[in-house]
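The structure under discussion appears below in the form of structure tokens.
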Amino acid sequence: MAAFLSSSSCILLFSLMVTSLMVASAGNFYQDIQVTWGDGHGKILNNGELLTLSLDKSSGSGFQSTNQYLFGKIDMQIKFVPGNSAGTVTTYYLRSEGSSWDEIDFEFLGNLSGDPYIVHTNIFSQGKGNKEQQFYLWFDPTADFHTYSILWNAQHIVLYVDGTPIREFKNLESIGVPYPKNQSMRIYSSLWNADDWATRGGLVKTDWSQAPFTASYRNFNADNACIWRSSGSTSCSSNSNSTSSVLLSQQLDSTSQERLQWVQKNYMVYNYCADTKRFPQGLPLECTASNTS
């Protein structure tokens, strides 16, 4: 119990530090984000400090970042649909364009009131994914804003919640595992109805009497990401001393490794690398190379 309390206290302290840092460097949604669909269901409010996506029976909604990025760290604070959110999915992800796209996914699967959200993650390279891991959270993500971050460099991809790593995907191109590193990506987010699969495999349908469903966003921070330029270079190319450039080679330290293991031991509910029934011919290469984080 002492060890658990210690880990939880450290995670809470780290969460508060991350939140304060993000508030100090938050962007403006009018400059950084474009609402791309939803027929008025996506709104930028409070002079660009708040963005909301809504879903009702007529439409969901979504947005994308103004810039494209190639490596770096991106943060967003999100508060998810409260109450009975069964059937709804809130996505937050990086994605490139084209038929052989790269993608780094957070998807948040709604649930019945009182049941936990499921955080669904996936990594795509050259249009191929099938690398799903799912987690519960150690808090109620509908009660307040929490920080969801993507660190992406040539060595690994790390997904964070409130500064705590929940998943690491390493670059194992050396053994033939595709890795997203050549295509610039935008941030996207959407709120939509997926009651054919989202909650208990589609058994629980969206209760439209609870609509509109709304997710809220604030403190978007891409200051530590490398903006892709039409010339083929990035904003990090000319400033090797920037924080973004440092993040291009950042690895998980021992404390972060311990946090990652704590989350995966206590909150992981699905890992494709443990699903032998799904892969009867053998697990994917990265799974057998100890890249199960």
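Order 45, 94, most accessible first, counting only protein heavy atoms with a 1.4 angstrom probe.
45, 94
Quick one: order 44, 157 from most to least accessible surface, probe 1.4 Å.
If we order 44, 157 from most to least accessible, we get 44, 157.
Which value in nm describes the separation of the simple spin-label points at residue 231 and residue 126, placed 7 Å from the Cα toward the beta carbon?
3.0
Over all directions, average the projected area of the Cα convex hull of the chain and note it in nm².
16.4
I want to verify the translational diffusion coefficient of the range 168-210 in µm²/s; compute it with Stokes-Einstein, Rh as the Kirkwood radius over Cα pairs, at 37 °C and 0.692 mPa s.
229
For the range 34-77, what does the convex hull of the Cα positions come to per residue, in cubic angstrom?
Per residue, the Cα convex hull of the range 34-77 comes to 95 Å³.
If I take R0 = 45 Å and measure r between the Cβ atoms of residue 277 and residue 251 in this structure, what FRET efficiency does the formula 1/(1 + (r/R0)^6) give, to the nearest 0.05?
Working from the Cβ atoms, E equals 0.85.
Using the heavy atoms of the protein chains alone and a 1.4 angstrom probe, what is the accessible area of the range 104-259 per residue in square angstrom?
Roughly 41 Å² per residue, with all protein chains present.
Carbon and sulfur: what percent of the chain's accessible surface (1.4 Å probe)?
Result for the chain: 50 percent of the exposed heavy-atom area is carbon or sulfur.
Please compute the contact order of the chain in relative form: average sequence separation of alpha-carbon pairs under 8 Å and at least six residues apart, divided by the residue count, as a percent. The partial results should precede the final answer.
On the way: 659 pairs, mean separation 74.6, N = 293.
About 25 percent, as a whole number.
If you count only protein heavy atoms and use a 1.4 Å probe, how large is the accessible surface of residue 267, to the nearest 10 Å²?
Spelled out: residue 267, probe radius 1.4 Å, area about 40 Å².
Considering the options 90, 61, 126, tell which one lies farthest towards the positive end of the dipole of the chain, charges being +1 on Lys and Arg and -1 on Asp and Glu at the Cβ, about the Cα centre.
126
Rank 186, 95 by accessible area, highest first, at a 1.4 Å probe radius?
Ranked list, largest accessible area first: 95, 186.
Compute the signed sum of charges (Lys and Arg +1, Asp and Glu -1) over the other residues within less than 14 Å, Cβ to Cβ, of residue 170.
So the environment of residue 170 carries a net charge of 0.
May I have the extent of the alpha carbons of the range 142-244 along their three principal axes, as whole Å values ordered from largest to smallest?
Here the spans come out as 53, 36, 30 Å, largest first.
The values are calculated or read from the model by the stated rules, or taken from the named source; none is laboratory data. Fair warning: this is a prediction, and the values are worked out from it, not measured in the lab. Positions of Cβ are backbone-derived with ideal geometry, glycine not excepted, and every protein chain shown enters the neighbour counts. Side chains are part of the model used for accessible areas, which takes the heavy atoms of the whole protein and leaves out ligands, DNA and RNA. Shrake-Rupley method; radii C 1.70, N 1.55, O 1.52, S 1.80 Å.
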